[in-house]
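The values are calculated or read from the model by the stated rules, or taken from the named source; none is laboratory data. This structure is a prediction, so every number in the text was calculated from the model and none was measured. Note: ideal-geometry Cβ built from the backbone for every residue, glycine included; neighbour counts use all protein chains shown. All accessible areas refer to the heavy atoms of the entire protein, side chains included, with ligands and DNA or RNA removed. Shrake-Rupley method; radii C 1.70, N 1.55, O 1.52, S 1.80 Å.
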Amino acid sequence: MAEKSFKYVIVGGGVAAGYAAREFAKQGVQPGELAIISKEAVAPYERPALSKAYLFPESPARLPGFHVCVGSGGERLLPEWYKEKGIELILSTEIVKADLAANTLVSAAGETFKYQILIIATGSTVIRLTDFGVQGADAKNIFYLREIDDADKLIEAIKAKKNGKAVIVGGGYIGLELGAVMKINNLDVNMVYPEPWCMPRLFTSDIAAFYEGYYANKGIKIIKGTVAVGFTTDSNGEVKEVQLKDGRVLEADIVVVGVGGRPLTSLFKGQVEEEKGGIKTDAFFKTSVPNVYAVGDVATFPLKLYNEMRRVEHVDHARKSAEQAVKAIMASEEGKSVGEYDYLPYFYSRSFDLSWQFYGDNVGDTVLFGDNNPETPKAKFGSYWIKDGKVVGAFLEGGSAEENQAIAKVARLQPAVESSEALKSEGLSFASKI
């Protein structure tokens, strides 16, 4: 097969690839210099929509509505945009071999791609129950959500199993967002997770109690402290029951699994330095191989604010790391430099009419403020994390744009606090006056 050659190649076609392409265009990339190679069949899009508006029964989000970069208030990059800029979008193409020493990538179809500079933006893949040998986990109507194809299959099942029973396996981001969206689609919903409360990597028990109470009020049944150990099927091979470790059996027409992801780094194993489960980079997302960069979920980078190496799985970092890498690449070609990446960790979620944001680091002691009663209409509450006498993290449910900016500022500046009692009584006003 013919070999294709480019100055810059981005492998992966998710959020990071789209934001990198926009930055390349801003920096004056020449037609024919840049290619994006993606195993998905569509141009880069804002992946968070898949677990939210894409699955809504009324006025759902559809492409081309949520191509990048609309998620951050930017221009929508339609396939035509890439053509106009002379950026080659190579879709439905999976790279199966990478030879970093030879600057070569090979696709499943045997095509060869050469590059001068490579950006690894392969993102994450979902962890599947079949990976653990869970009995019956390959049954029909057991779904995972990562790509638009996954969401389309889930939509078909929701239509086919109208008013049916859904079981959500997992109590993290995907679990909470999918639990809500399945309820909005009028399914009977059970959520199952092994931890003592939902979102345990971020939420305190006080924060989680609000969301669990709110979901219960919406009619969602939450089963904690156990896991799915098997599935039974009907004569069509469709899932019928979920067997739990504690002996309970749940009826199910649809199962959605959200038990985490893992970064897609296997193509590069042994060719590039790794750390903390990702590809090790510097503050410009350059790897141990000088002409190779890694961004988004796969990168373990120096988090300047906390003086440590971290890997962050979030859309905000995917966008910003991609832009930083491209700025660094283009500056170095001109003998210039850019500032180090100085990221403030940021997470958010929306479900039902709830919306929360978190900034900073969730370490140290916590102070809950506001009203976290799930019965309260339009509840507004939050939490601060205090370490070594300083506020290092802040969470807010139901905040306005200004209030969310205020908690972000607190997490960035890390102001000292006299006492947790004073902070609790001040609540949000502490952030607003910083």
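Residue count for region 246-276 satisfying the condition of being open to solvent by less than 50 Å² (accessible area, probe 1.4 Å), in a loop (DSSP other than H, G, I, E, B) and among the small types (Gly, Ala, Ser): 3. For the subset of region 403-424 comprising residues that are free of Cβ contacts under 8 Å to residues at least 24 places away in the same chain and over 22 Å from the mean Cα position of the chain (by Cα), which member is surrounded by the fewest Cβ atoms within 10 Å (Cβ to Cβ)? Checking each candidate, the answer is GLU418.
Taking ALA109 as the residue in question, decide whether it is surrounded by 14 or more Cβ atoms within 10 Å (Cβ to Cβ) and over 22 Å from ARG47 (Cβ atoms). Spelling it out, it is not the case that ALA109 is surrounded by 14 or more Cβ atoms within 10 Å (Cβ to Cβ) and over 22 Å from ARG47 (Cβ atoms). Note on region 64-92: residues that are open to solvent by 40 Å² or more (accessible area, probe 1.4 Å), in contact (Cβ under 8 Å) with a residue 12 or more places away in the chain and in a helix (DSSP H, G or I) amount to 5. Exactly one residue out of ALA61, ALA43 is under 21 Å from ASP297 (Cβ atoms), in a loop (DSSP other than H, G, I, E, B) and among the small types (Gly, Ala, Ser), and it is ALA43. Each residue in region 93-143 was checked for being within 23 Å of VAL29 (Cβ to Cβ), part of a loop (DSSP other than H, G, I, E, B) and among the small types (Gly, Ala, Ser), and 2 of them qualify.
Summed over region 297-319, residues that are out of contact with any Asp or Glu (no Cβ under 8 Å at 6 or more places or on another chain) and either at positive phi or among the hydroxyl-bearing types (Ser, Thr, Tyr) (or both) total 1. The requirement of being open to solvent by 60 Å² or more (accessible area, probe 1.4 Å), of a type in the set (D, E, K, R) and not in a loop (DSSP other than H, G, I, E, B) is satisfied by LYS327. For TYR193, state whether it is open to solvent by less than 60 Å² (accessible area, probe 1.4 Å) and touching a residue at least 40 places away in the same chain (Cβ under 8 Å). No.
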